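The values are calculated or read from the model by the stated rules, or taken from the named source; none is laboratory data. Since the structure is predicted, the reported quantities are computational estimates derived from the model, not experimental observations. Positions of Cβ are generated from backbone atoms using ideal geometry, with glycine treated the same way; all protein chains shown enter the neighbour counts.
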Amino acid sequence: MNSFTKFADAFQRRTPELPSDTPQTATVIDGRAIAEEITSGITSEVRRMKNSIGNVPGLAVIMVGQGRDSQTYVRKKLGACEEAGIQSKISTLPDNCTEDQVLNALSCFHEDPSIHGILVQLPLPQHLDEGKILNSVQLEKDVDGFHPINMGNLAMWGREPLFLPCTPKGCIELLIRSGVEISGKKAVVIGRSNIVGLPTSLLLQRHHAIVSVVHAFTRNPEQITREADIVVAAAGVPNLVRGSWLKPGAVVLDVGTNPVKDPSCEYGHRLIGDVCYEEASRVASAITPVPGGVGPVTVAMLLLNTLESAKRAYNFT
Ligand SMILES: NC(=O)c1ccc[n+]([C@@H]2O[C@H](COP(=O)([O-])OP(=O)(O)OC[C@H]3O[C@@H](n4cnc5c(N)ncnc54)[C@H](OP(=O)(O)O)[C@@H]3O)[C@@H](O)[C@H]2O)c1
């Protein structure tokens with residue numbers, strides 16, 4: 001079974017568990033509107049920086065291969081930079097490039113004083129050592145926050161990472177800007193990856209939530225999730241979280257972006273989340289849609305990290 005068929009099957013299997021006339025109770029957390037608000041603040045700051053010191057923040061992207069998803073994500077990030085007045089550079093390497101070529105591209109951007117943030121678009125082809133490459137990103141330019149020192153500092157009390165990973169930072173921003181109290185609340189993070197689940201659980205703890213993590217080996221995910229006031233779903237499994245998994249009134253952030261077959265769409269597929277939206281929106285008090293929820297705010301956080309890095313580099317307050 002290929003991945004599309006798997007996703008399509010999971011999508012078809014979804015059967016509403018609540019009567020279809022149960023009203024939608026959840027407020028939709030509009031990630032696009034929140035991202036625009038954040039980006040507009042960043043744009044003003046970039047303008048202020050340019051007018052005061054004649055410099056703007058710079059972001060460099062290293063992209064290996066021509067994966068369609070990676071190309072789309074990179075295009076979105078670079079487009080957002082342009083809109084905000086952030087300078088961007090891209091190094092595109094072929095699928096079969098060597099690790100040394102990637103490390104050389106990194107070195108060039110490390111030495112470039114106009115670059116304040118570097119991101120290596122993931123996933124990398126299997127023959128490249130992702131850990132080694134991410135470890136080589138200069139700490140001061142690690143705007144994705146994936147360097148082990150940044151991640152380690154995030155995990156330790158009394159330490160401050162230079163950068164927070166963009167999706168987890170975006171999740172917290174969505175909660176705060178939607179007026180959701182985090183401190184003392186029970187949160188469940190579904191997924192424990194280095195880029196989303198793990199740093200999100202750490203960040204929620206920093207905000208004093210009581211955090212449980214659900215992963216592929218969790219025996220009773222529904223029961224654990226049903227206790228949560230805040231649910232962050234980042235498993236990459238379409239419609240995993242059903243309405244019955246949620247406590248009434250829970251706030252749900254759906255990080256998942258999963259393609260399902262849809263011949264009526266431009267590329268023959270569309271994106272759905274890890275949460276069965278139709279069911280969840282009848283149980284939750286607030287929910288992010290897919291697309292238009294966590295994704296745009298993640299991009300806004302990348303711009304924000306790049307701006308903060310440039311401010312640090314130029315000692316600009
Ligand atoms: N919106 C955005 O900005 C954004 C950004 C990044 C990622 N994403 C999306 O978020 C999703 C997750 O991304 P990722 O990079 O974290 O994925 P990942 O590296 O594949 O990690 C998935 C995590 O989910 C867990 N998991 C898998 N199946 C599960 C199940 N049935 N029940 C409970 N847990 C399960 C895995 O557990 P184990 O550790 O036990 O294997 C793993 O920890 C994907 O759909 C991705 O496209 C969105």
Selected residue (only one of 264, 285 is under 18 Å from residue 176 (Cα atoms) and polar (S, T, N, Q))
285
Restricting the first residue to the range 184-197 and requiring it to be at positive phi and assigned by TED's automatic domain parsing to the domain that holds residue 247, which pairs with a second residue that is small (Gly, Ala, Ser) and near the ligand (Cβ under 7 Å from one of its atoms) meet a Cβ separation below 9 Å and a spacing of at least six or different chains?
191/197; 191/216; 191/234; 191/235; 191/236; 191/256
Given the criteria part of a helix (DSSP H, G or I), at pLDDT 95 or above and either β-branched (Val, Ile, Thr) or surrounded by 24 or more Cβ atoms within 10 Å (Cβ to Cβ) (or both), does residue 297 qualify?
yes
One residue from 313, 280, 284 being within 16 Å of the ligand (Cβ to nearest atom), over 23 Å from residue 36 (Cβ atoms) and of a type in the set (A, V, I, L, M, F, W, C):
280
Filter the range 117-137 down to residues that are in contact with a Leu (Cβ under 7 Å, 6 or more places away or on another chain) and outside any strand (DSSP E or B) and give me whichever is surrounded by the most Cβ atoms within 10 Å (Cβ to Cβ).
137
Residue identified as surrounded by fewer than 14 Cβ atoms within 10 Å (Cβ to Cβ) and under 29 Å from residue 171 (Cα atoms) among 40, 70:
40
Which residue pairs have Cβ atoms under 8 Å apart, sit 6 or more places apart or on different chains, and have a first residue in the range 73-86 that is farther than 16 Å from residue 167 by Cβ and a second that is part of a helix (DSSP H, G or I) and among the hydroxyl-bearing types (Ser, Thr, Tyr)?
81/306; 83/39; 83/43; 84/39; 84/43; 85/43; 86/306
Meets criteria (among the charged types (D, E, K, R), in contact (Cβ under 8 Å) with a residue 24 or more places away in the chain and part of a helix (DSSP H, G or I)) for residue 173:
yes
Given the criteria over 19 Å from residue 246 (Cβ atoms) and among the hydroxyl-bearing types (Ser, Thr, Tyr), does residue 167 qualify?
yes
Taking the conditions exactly as written (touching a helix residue (DSSP H, G or I) at 6+ places or on another chain (Cβ under 9 Å), small (Gly, Ala, Ser) and surrounded by fewer than 24 Cβ atoms within 10 Å (Cβ to Cβ)), does residue 244 satisfy them or not?
yes
In the set 89, 76, which member is touching a Phe, Trp or Tyr at 6+ places or on another chain (Cβ under 8 Å) and either under 28 Å from residue 39 (Cβ atoms) or basic (Lys, Arg) (or both)?
89
Just give me the residues in the range 176-194 being in a strand (DSSP E or B) and among the hydrophobic types (A, V, I, L, M, F, W, C), in sequence order.
187, 188, 189, 190
Of all residues making up the range 198-230, the number that are touching a helix residue (DSSP H, G or I) at 6+ places or on another chain (Cβ under 6 Å) and either touching a residue at least 24 places away in the same chain (Cβ under 8 Å) or buried (at least 19 other Cβ atoms within 10 Å of the Cβ) (or both):
9
Of the conditions (1) part of a loop (DSSP other than H, G, I, E, B); (2) surrounded by 14 or more Cβ atoms within 10 Å (Cβ to Cβ), the single one that residue 160 does not satisfy is (2)
Residue among 188, 143 that alone is closer than 20 Å to residue 34 by Cβ, surrounded by 16 or more Cβ atoms within 10 Å (Cβ to Cβ) and of a type in the set (Val, Ile, Thr):
143
If I filter the range 131-173 down to residues being closer than 23 Å to residue 88 by Cα, among the charged types (D, E, K, R) and within 16 Å of the ligand (Cβ to nearest atom), which single residue comes out as nearest to the chain's Cα centre (by Cα)?
169
